[in-house]
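The values are calculated or read from the model by the stated rules, or taken from the named source; none is laboratory data. Keep in mind it's a predicted model, so treat the numbers as computed, not measured. Cβ atoms come from the backbone with ideal geometry, glycine included; neighbour counts cover every protein chain shown. Calculation scope for accessible area: heavy atoms of the full protein, side chains included, ligands and nucleic acids excluded. Shrake-Rupley method; radii C 1.70, N 1.55, O 1.52, S 1.80 Å.
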Amino acid sequence: MDCLFCAIANGEIPSTKVYEDDQILAFRDIDPQAPEHILIIPKQHIKWAYDITPENAGVVAHIFATIPRIAKDLGIEDGFRIVNNCGDIAGQSVKHLHFHLMAGRPFGWPAG
Ligand code: AMP
Ligand code: ZN
């Protein structure tokens, strides 16, 4: 399977890592849309949020349980935005589940 984020997860393609454990990886977005813009991915390939199931939801919970630690390490405890784009209509360009963790500027609402 040809998947950019699988290649990043297994080290075939370099990334600027900010957190890693056996289940997940967090790295800097190559085209940041905020002063801090991190992508958090499961190492296992899940195509998109529509494929989250009771069987694989544990890794998603683990991502969210790790976000406070990443936020503390980055010094963005004052607030941040977490974004998931699911499908082309939402702007998902990489078909491997990922959460954008963005901070360092005000964010408007509703988004986009
Ligand atoms: P999305 O558009 O929600 O699918 O998000 C994909 C994100 O991946 C975009 O913000 C891209 O800037 C980012 N991206 C693409 N290639 C790389 C890469 N090699 N390293 C880091 N981030 C990347
Ligand atoms: Zn993948």
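Would it be correct to say that F5 is within 9 Å of ligand 1 (Cβ to nearest atom) and under 27 Å from F107 (Cα atoms)? Considered against the rule, which asks whether it is within 9 Å of ligand 1 (Cβ to nearest atom) and under 27 Å from F107 (Cα atoms), F5 comes out as yes. Report yes if D22 is open to solvent by 80 Å² or more (accessible area, probe 1.4 Å) and without any contact (Cβ under 8 Å) to a residue 12 or more places away in the chain, otherwise no. When the stated conditions are applied, D22 does not pass them.
If only residues of region 63-80 that are open to solvent by 50 Å² or more (accessible area, probe 1.4 Å) and in contact (Cβ under 8 Å) with a residue 40 or more places away in the chain are counted, the one that is nearest to ligand 1 (Cβ to nearest atom) is F80. Candidates V83, V60, V94: the one that is open to solvent by 30 Å² or more (accessible area, probe 1.4 Å), within 14 Å of the chain's Cα centre (by Cα) and among the β-branched types (V, I, T) is V83. Filtering region 95-110 to residues that are among the hydrophobic types (A, V, I, L, M, F, W, C) and closer than 15 Å to A26 by Cα leaves L97, F99, L101, M102, A103.
Away from ligand 2 (no atom under 14 Å from the Cβ), part of a loop (DSSP other than H, G, I, E, B) and not polar (S, T, N, Q): does that describe E12? It is false that E12 is away from ligand 2 (no atom under 14 Å from the Cβ), part of a loop (DSSP other than H, G, I, E, B) and not polar (S, T, N, Q).
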